[in-house]
1. State yes or no: is Val93 over 22 Å from Gly26 (Cα atoms) and within 12 Å of the chain's Cα centre (by Cα)?
2. Free of Cβ contacts under 8 Å to residues at least 12 places away in the same chain, of a type in the set (A, V, I, L, M) and either within 17 Å of Ala104 (Cα to Cα) or surrounded by 13 or more Cβ atoms within 10 Å (Cβ to Cβ) (or both) - does that describe any residue in segment 50-60?
3. Output the residues belonging to segment 61-72 that are farther than 18 Å from Ser17 by Cβ and either of a type in the set (Val, Ile, Thr) or open to solvent by 80 Å² or more (accessible area, probe 1.4 Å) (or both).
4. Go through segment 96-122 and give me each residue that's among the hydrophobic types (A, V, I, L, M, F, W, C), farther than 18 Å from Ser30 by Cβ and open to solvent by 60 Å² or more (accessible area, probe 1.4 Å).
5. Please specify each residue of segment 78-95 satisfying the condition of being of a type in the set (S, T, N, Q) and open to solvent by 40 Å² or more (accessible area, probe 1.4 Å).
6. Conditions first: (1) open to solvent by less than 30 Å² (accessible area, probe 1.4 Å); (2) without any contact (Cβ under 8 Å) to a residue 24 or more places away in the chain. Ala75 passes all but one, so which condition is the exception?
7. Is at least one residue of segment 24-41 closer than 20 Å to Ser121 by Cα and modelled with pLDDT under 95?
8. Is segment 7-14 home to any residue that is over 19 Å from Gln117 (Cβ atoms) and either among the polar types (S, T, N, Q) or surrounded by fewer than 16 Cβ atoms within 10 Å (Cβ to Cβ) (or both)?
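The values are calculated or read from the model by the stated rules, or taken from the named source; none is laboratory data. Bear in mind the structure is a predicted one, so any value in this text is a computation, not a measurement. Here the Cβ positions follow ideal geometry from the backbone for every residue, glycine too, while neighbour counts run over all protein chains shown. Surface accessibility is based on the protein's heavy atoms, side chains included, excluding ligands, DNA and RNA. Shrake-Rupley method; radii C 1.70, N 1.55, O 1.52, S 1.80 Å.
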Amino acid sequence: QVQLVESGGGVVQAGGSLRLSCAASGRTFSNYHMGWFRQAPMKEREFVARISTSGIIRNYADSVKGRFTISRDNAKNTVDLQMNSLKPEDTAVYYCAAGRILSARLDAYDAWGQGIQVTVSS
């Protein structure tokens, strides 16, 4: 499977912004739909955002809609998540994922990054 590596996490104050990036290996990145998920302590991993292979279709969880923006650069094999107006409840480990089906379901994704911590202080 394609290898995914997240970067850009860290600590930010509430109301601030952070940009996550996911770099993918291989030559077939443009054939994969991409998603961002997150998992807070003692919570299940949840869908955050997804983007189609072409980047035309983008969808977001209601909790982040209007604050987060997912984008991709197929020439660079990257997918980003711009996070604005961050809230303490956004604190979680964030994962990028690649799949052949455009979906918010975890089981639709074949490859996952190792995750990166995002902490939003109040």
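1. Details: over 22 Å from Gly26 (Cα atoms): yes; within 12 Å of the chain's Cα centre (by Cα): yes.
So Val93 passes the test.
2. Yes; the residues of segment 50-60 include at least one that is free of Cβ contacts under 8 Å to residues at least 12 places away in the same chain, of a type in the set (A, V, I, L, M) and either within 17 Å of Ala104 (Cα to Cα) or surrounded by 13 or more Cβ atoms within 10 Å (Cβ to Cβ) (or both).
3. Passing the criteria: only Asp62.
4. Step one: filter segment 96-122 for residues among the hydrophobic types (A, V, I, L, M, F, W, C), giving 96-98, 101-102, 104, 106, 108, 111-112, 116, 118, 120.
Then drop every residue that is not farther than 18 Å from Ser30 by Cβ, which leaves 104, 106, 112, 116, 118, 120.
The answer is Leu106, Trp112.
5. Step one: list which residues in segment 78-95 are of a type in the set (S, T, N, Q), which gives 78, 82, 84-85, 91.
Hits for segment 78-95 are Gln82, Asn84, Ser85.
6. (1)
7. yes
8. Of the residues in segment 7-14, the ones over 19 Å from Gln117 (Cβ atoms) are none.
Checked against the condition, which is being over 19 Å from Gln117 (Cβ atoms) and either among the polar types (S, T, N, Q) or surrounded by fewer than 16 Cβ atoms within 10 Å (Cβ to Cβ) (or both), segment 7-14 yields no hits at all.
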